[in-house]
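S.K.: First, the structure itself, so that you have it in front of you.
The values are calculated or read from the model by the stated rules, or taken from the named source; none is laboratory data. Computed from a prediction, not measured in an experiment: that's the story for all the values here. Backbone-built Cβ (ideal geometry, glycine too); neighbour counts: all protein chains shown.
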Amino acid sequence: MLIRGVGLRGAVAINAITMIGVGPLVTVPLVLGALHGPLSLAGWLAGAVLALCDGLVWAELGSTYPGSGGTYGYLREIFGARGWGRFLAFLFVWQTIFYAPLLQASGYIGFANYTGYLVPRVASTHWLLVAVAVGVGLVTLIALYRRITAVARTGIVLAVASIVTLLCVIVASYAHFSPVQAFALPVHDSFWAGLGAGFGQALIITMYDYIGYNAASNVGDEVVDPARTLPRSIVIAILLVAGLYIAMQVGVLGALPWQQLVPAADGTLPPLGQHLASAIVEQRFGGAAAVGVTVLVLVTAFASVYGNLLAFSRIPYAAAIDGVFLSPFAHLHRTQRFPDVSLIVIGLLALPACLFPLDQVINALTTGIVLIQSIAQVVALFVMRARGVRAPYRMWLFPLPAVIALLGWIYVYVSAGRNAIAYGIITLAAGSAIFLVRAARRAEWPFVRSTAG
């Protein structure tokens, strides 16, 4: 049996560290490349609204089905454990096997990139960058290989470090803040034309940075009073992190000319864009302070991958316990009582993904999980409501937040581009084929008539 060792503070911390990480410190230039100057704030604000609306979906479903696995459990319970629910739950776990390593690797790569500020040779040598990324992946795996109570305590410390990091960058950016520079539209951009040109891509990037508000839901069996704790932890984490992100973006706009940060035509970032946080602090407070903030950035990057791997490792475990996924993933460590096989497999699969450039994975990450998690989950909420199930926590202003979440995720998916959409569809098709082959061999639904669900 798993240990319930995560209280409200621990749950908020797990969500927050998974959201923050190194993502916003790396992707601010990408958002500026899509939406120029102050228009970039529209991307962060829209992302916050979509995250909050989707977070309310997670909150209601999590309070009703507070077990480990998050979306896996919601789809399985609502659509039927022996029918469509089993199929959708399997596809979600299958997609997680593709999605989780890439998301983990993006954090490892971001860690390696900021290491290059401290050790310039790392920044200039591809294989050293890969070696650092793989190394931090191994350290993350080892750090999580222990009892959940110790993991939760570490998560709180890392969450504080993550918030302090963003606050340092925000304070530095406002030290010599120029409101005129921050809020002046580019000469050749109108408000609506500028939004139309890059809003979809900016929303994809900002949602990549906001994703993680659901992390505690994946460890529901280890959360104290999950029906109350999970909804509160989601809303608190989203509001906290959104405030930090928007304050940081405004500060960056007023501290540096945004044109010096955006990627070149070939996608490469200029020096200021590569180490944004370090560059802002160095310009305002000198090299020693920049080194200190860079160390904090590395701690923040580690915090994110730490929270992500913790959450992801519980998904195949929950599915295996129910017999939906491969049985070895159901194994628990003999004395520390955590899903060791699932943790090791997800952790090791992330290491070869470090070979991919960071700027090539964000769109694929989005489309790889949106259909079977975000969109299917909103539909599941409407089905649950239609059946008259009364959740311990009910979202505000239903159905408005759920409708906004559904439309927002559809827009994000369509905006990701043909290659990313093809990636999502192909992996789902492969998962569907594997499910059907497995079900046929085991004489399970849909090859035998279900007696329940």
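S.K.: Identify the single condition in (1) among the β-branched types (Val, Ile, Thr); (2) buried (at least 24 other Cβ atoms within 10 Å of the Cβ); (3) closer than 20 Å to Ile97 by Cβ that Ile321 does not satisfy, given that it satisfies every other one.
M.R.: For Ile321, the failing item is (2).
S.K.: Tell me yes or no: at least one residue of region 193-201 is modelled with pLDDT of 90 or more, more than 20 Å from the chain's Cα centre (by Cα), in a helix (DSSP H, G or I) and surrounded by 17 or more Cβ atoms within 10 Å (Cβ to Cβ).
M.R.: no
S.K.: Which of the residues belonging to region 381-393 are over 18 Å from Gly73 (Cα atoms) and in a loop (DSSP other than H, G, I, E, B)?
M.R.: Gly388, the sole residue that qualifies.
S.K.: Being more than 25 Å from Leu52 (Cβ to Cβ), assigned to a helix (DSSP H, G or I) and over 23 Å from the mean Cα position of the chain (by Cα) narrows it down to one residue among Leu348, Leu436; which is it?
M.R.: Leu436
S.K.: Assess whether Ser278 counts as being polar (S, T, N, Q) and buried (at least 22 other Cβ atoms within 10 Å of the Cβ).
M.R.: Yes, satisfied.
S.K.: Of all residues in region 125-141, which are at pLDDT below 90 and out of contact with any helix residue (DSSP H, G or I) (no Cβ under 8 Å at 6 or more places or on another chain)?
M.R.: Thr125, His126, Trp127
S.K.: Out of Ser278, Ser313, I need the residue that is touching a residue at least 60 places away in the same chain (Cβ under 8 Å), in contact with a helix residue (DSSP H, G or I) (Cβ under 8 Å, 6 or more places away or on another chain), of a type outside the set (A, V, I, L, M, F, W, C) and within 30 Å of Tyr174 (Cα to Cα). Which one?
M.R.: Ser278
Each row is one residue, and each column tells you yes or no for (1) without any contact (Cβ under 8 Å) to a residue 40 or more places away in the chain; (2) under 16 Å from Ala303 (Cβ atoms).
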| site | (1), (2) |
| --- | --- |
| Phe98 | no, no |
| Ser106 | no, yes |
| Gly116 | no, no |
| Leu128 | yes, no |
| Val132 | yes, no |
| Thr140 | no, yes |
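S.K.: If you don't mind, there's one more thing I want to ask. Just to be sure, is Trp396 touching a helix residue (DSSP H, G or I) at 6+ places or on another chain (Cβ under 9 Å), buried (at least 16 other Cβ atoms within 10 Å of the Cβ) and touching a residue at least 60 places away in the same chain (Cβ under 8 Å)?
M.R.: When the stated conditions are applied, Trp396 does not pass them.
Residues checked against (1) under 20 Å from the mean Cα position of the chain (by Cα); (2) part of a helix (DSSP H, G or I); (3) among the hydroxyl-bearing types (Ser, Thr, Tyr); (4) buried (at least 23 other Cβ atoms within 10 Å of the Cβ):
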position	(1), (2), (3), (4)
Gly21	yes, no, no, yes
Leu45	yes, yes, no, no
Val49	yes, yes, no, no
Asp54	yes, yes, no, yes
Ala59	yes, yes, no, yes
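S.K.: Something else: Look at Thr335 and say whether it is touching a residue at least 24 places away in the same chain (Cβ under 8 Å) and among the hydroxyl-bearing types (Ser, Thr, Tyr).
M.R.: Taking the combined requirement at face value, the residue does not satisfy it.
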